[in-house]
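Undergrad: Let me give you the structure first, and then I'll get to my questions.
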Amino acid sequence: ARVHFDRDDIMLHPDDYPILQKLAECLQQDHAKTLRIDGNADERGTTEYNLALGERRARQVAGYLKLLGVPSDQLATVSYGKEKPLCAEHDESCWRENRRAGLTLGR
């Protein structure tokens, strides 16, 4: 699963709340499960800027999940900045796909 962000922004979209609420329920029901949140950015901007932006995005998602009652020890964040794009085209539709937080459940 993933959630997307606007350019240079870390605010969650209301459309993504149901995804995050479902993940929160899943994590609360099984405390052995973990969630890795990968912060990503599009190709525009410097490597340093995009790493910092990806980190803020991942932390924003983690913060929302904590507000929903998910314990911190079930959450891990990492930033890839612009280093792991899903789409390689150089247009807005592709950049939107790359401005994301990837959500991976684990044990």
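The values are calculated or read from the model by the stated rules, or taken from the named source; none is laboratory data. A quick note: this is a predicted structure, and the numbers were derived from the prediction, not measured. Using ideal geometry, Cβ is built from the backbone for each residue, glycine included, and neighbour counts are taken over all protein chains shown. Note: areas computed on protein heavy atoms with side chains; ligands, DNA, RNA excluded. Shrake-Rupley method; radii C 1.70, N 1.55, O 1.52, S 1.80 Å.
Undergrad: Just to be sure I understand the curve: with the Debye formula and one point per C-alpha of the chain, what is log10 I(q)/I(0) at q = 0.14, 0.16, 0.20, 0.24 Å⁻¹?
TA: Cα-only, vacuum Debye calculation for the chain: -0.50, -0.64, -0.94, -1.24.
Undergrad: Once neighbouring chains are kept in place and the probe is 1.4 Å, which whole percent of the accessible area of the range 1-106 is contributed by carbon and sulfur? The partial results should precede the final answer.
TA: On the way: 2960 of 5740 Å².
Of all accessible area on the range 1-106, carbon and sulfur atoms account for 52 percent.
Undergrad: Could you tell me the relative contact order of the chain? Use alpha-carbon pairs under 8 Å, at least six residues apart, and round to a whole percent. If you can, show how the numbers build up before the last one.
TA: Numbers: 205 pairs, mean separation 43.7, N = 107.
The value is 41 percent.
Undergrad: Quick check: the angle from helix 47-67's long axis to the longest principal axis of the chain, C-alpha only, nearest 10 degrees?
TA: 20
Undergrad: Evaluate the distance, in nm, between pseudo-label points positioned 7 Å from the Cα of Asp6 and of Cys94 along their respective Cα→Cβ axes.
TA: In this crude label model, Asp6 to Cys94 measures out at 2.4 nm.
Undergrad: Quick one: helix 17-29 against the long Cα principal axis of the chain, what's the angle to the nearest 10°, folded into 0 to 90?
TA: On a 0 to 90 degree scale, this one is about 40.
Undergrad: On to the next question. Using the heavy atoms of the protein chains and a 1.4 angstrom probe, tell me the accessible area per residue for the chain in square angstrom. List each step's numbers first, then the result.
TA: Numbers: 5920 Å² over 107 residues.
Per residue, the chain has 55 Å² of solvent-accessible surface.
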